[in-house]
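Participant: Before I ask anything, let me first share the structure, which is written out below as structure tokens.
The values are calculated or read from the model by the stated rules, or taken from the named source; none is laboratory data. Note that the coordinates shown come from a computational prediction; the quantities given were computed from them, not determined experimentally. All Cβ positions, glycine included, derive from the backbone under ideal geometry; neighbour counts span all protein chains shown. Accessible surface areas use protein heavy atoms only, side chains included; no ligands, DNA or RNA. Shrake-Rupley method; radii C 1.70, N 1.55, O 1.52, S 1.80 Å.
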There are 2 protein chains.
Amino acid sequence: MRSTAAEDYVKAIYHHTEWQPEPVTPSQLATRLGLANSTVTEMVKKLAAAGLVHHRPYGAVELTPEGRRLAVRQVRRHRVVETWLVERHGYEWDEVHDEAEILEHALSDRLLESIAASLGDPERDPHGDPIPAADGTVRRPDAVLLADAPAGHEGAVVRISDEDPAMLRFLADAGIALDARLTVLGVKPYSGSMQVRALRGTVDVGPDVARAIWLAA
Amino acid sequence: MRSTAAEDYVKAIYHHTEWQPEPVTPSQLATRLGLANSTVTEMVKKLAAAGLVHHRPYGAVELTPEGRRLAVRQVRRHRVVETWLVERHGYEWDEVHDEAEILEHALSDRLLESIAASLGDPERDPHGDPIPAADGTVRRPDAVLLADAPAGHEGAVVRISDEDPAMLRFLADAGIALDARLTVLGVKPYSGSMQVRALRGTVDVGPDVARAIWLAA
DNA sequence: GGCATGATTTCGGCATGCCGAAAAAACTGC
DNA sequence: GCAGTTTTTTCGGCATGCCGAAATCATGCC
């Protein structure tokens, strides 16, 4: 039970608790993985038998220490590959996800570490997500979700969720990239969108976008 | 029917006819792939249905033009990856095979070509095997199997079979590498081994080795 | 020509991952 | 507290690849 499928499941579980720590339900997992609920239930049972997750029937799913280790390892692999694709192979940051999704299961540890070393052992990936160290250590920057930032808050963009490639392109066009300094001007009443000042000018961002961007605290 | 398994089968079939053109039998395929005969028979039937091979029951297996295209593509991928591992990641030439075997199925065309370009589009891999071009063109050097070379023949090593990593290490120790100049001194009667002069001195090579080395014709 | 031997194929089975439909449990609002 | 909805689980099924055992074919030898 150390298949690529298992790696994908624990990574998805880990992913869910990485930036907002709530337990994950099977159906949320199914949505994220694009699988049927029944499939997830079955697989979770196998993962539990393999000691990678805790799960009581009809309850949420949580990683065991061992499952967490595997997940962190997988996250490291994914983000190292993404960084490598962008820095060495001319990929745009919205193009790397699918390729990394496959490669993270295919590279040996030796090759992965060689690639990481050739990049200078980076600590964050092109979206600002922290890259866990080879020993499993994770350093996460203090950050506030843009949607939760009060008016007047100012800070550099520390992370942009890689969930939606189209959004990544929209943000790139709007001049909002990693390390850009943003100032929260306020929420427009009833529209649900926020006004934000970037270097290039003022931008209105909808709630989806405001929940995809993290600012330095 | 374009699975990684299918890619492995057509590659194995192609491989067999690359340096000595004889048809492949299912059992030879099974041996090379490390599978049961029955498994190969079943898979060959599926490959035939998919138009990748010709096969009449109880007969040999041959690639269709389409199967050959797929095989050549796969060979290119494998050899580009091997070259990359040796040149950029400090692998020894006897260590690359397993990693390449996995990676050749996982890289996108885009990434593979980017890697090939970064290597200067090499035309042969660390063992001397020709790397097919991206368009499927294969250039093969004129070569004689050491075992078939007459006494007195002299020529550079053009290719060393990558079948047996232990043999590759033995040869490296003996100073026999790609491009080394060898002279065939003759066959030792009854022992079945050949005497060969290399730069570093005279070496006795057994029949296995003599069938793994090709010299420039 | 007949027959033994070895290669090939057929057959039932197994493991992994996936699905949809139906049953069971858990929440919800009133 | 209870009925309706939603979530989770169970169940039968399917596809891919693999296996060993048994049946079938091909071939060479006498």
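Participant: So, in the range A:1-14, how many residues would count as being part of a helix (DSSP H, G or I) and either among the hydrophobic types (A, V, I, L, M, F, W, C) or farther than 14 Å from A:Val53 by Cβ (or both)?
Facilitator: 6
Participant: Report the residue count in the range B:6-24 for those that are within 11 Å of DNA strand D (Cβ to nearest atom), away from chain A (no Cβ under 14 Å) and open to solvent by 20 Å² or more (accessible area, probe 1.4 Å).
Facilitator: Number satisfying all stated conditions: 1.
Participant: Tell me, please, whether a residue that is within 14 Å of the chain's Cα centre (by Cα) and either modelled with pLDDT of 95 or more or more than 14 Å from every other protein chain (Cβ to nearest Cβ) (or both) can be found in the range A:103-116.
Facilitator: no
Participant: Inspect all residues belonging to the range B:94-101 and state whether any of them is in contact with a helix residue (DSSP H, G or I) (Cβ under 6 Å, 6 or more places away or on another chain), within 16 Å of DNA strand C (Cβ to nearest atom) and in contact (Cβ under 8 Å) with a residue 12 or more places away in the chain.
Facilitator: There is no residue in the range B:94-101 that is in contact with a helix residue (DSSP H, G or I) (Cβ under 6 Å, 6 or more places away or on another chain), within 16 Å of DNA strand C (Cβ to nearest atom) and in contact (Cβ under 8 Å) with a residue 12 or more places away in the chain.
Participant: Just the residues that are within 16 Å of DNA strand D (Cβ to nearest atom) and either surrounded by fewer than 16 Cβ atoms within 10 Å (Cβ to Cβ) or within 12 Å of chain B (Cβ to nearest Cβ) (or both), please, taken from the range A:61-102.
Facilitator: If the condition is that a residue be within 16 Å of DNA strand D (Cβ to nearest atom) and either surrounded by fewer than 16 Cβ atoms within 10 Å (Cβ to Cβ) or within 12 Å of chain B (Cβ to nearest Cβ) (or both), then A:Glu62, A:Ile102 are the ones that fit.
Participant: For the condition open to solvent by 50 Å² or more (accessible area, probe 1.4 Å), without any contact (Cβ under 8 Å) to a residue 24 or more places away in the chain and closer than 23 Å to A:Trp93 by Cβ, what is the one hit in A:Asp173, A:Asp142?
Facilitator: Among A:Asp173, A:Asp142, only A:Asp173 is open to solvent by 50 Å² or more (accessible area, probe 1.4 Å), without any contact (Cβ under 8 Å) to a residue 24 or more places away in the chain and closer than 23 Å to A:Trp93 by Cβ.
Participant: Just give me the residues in the range B:3-46 being closer than 25 Å to B:Arg159 by Cβ and among the hydroxyl-bearing types (Ser, Thr, Tyr), in sequence order.
Facilitator: B:Tyr9, B:Tyr14, B:Thr17, B:Thr25, B:Thr31
Participant: Further, regarding this structure: Only one of A:Met1, A:Met43 is near DNA strand C (Cβ under 8 Å from one of its atoms), touching a residue at least 12 places away in the same chain (Cβ under 8 Å), buried (at least 18 other Cβ atoms within 10 Å of the Cβ) and more than 14 Å from chain B (Cβ to nearest Cβ). Can you tell me which?
Facilitator: A:Met43
Participant: Further, regarding this structure: Checking B:Val53 against (1) in contact with a helix residue (DSSP H, G or I) (Cβ under 7 Å, 6 or more places away or on another chain); (2) under 28 Å from A:Glu99 (Cα atoms), only one condition comes out false. Which one?
Facilitator: Failed condition: (2).
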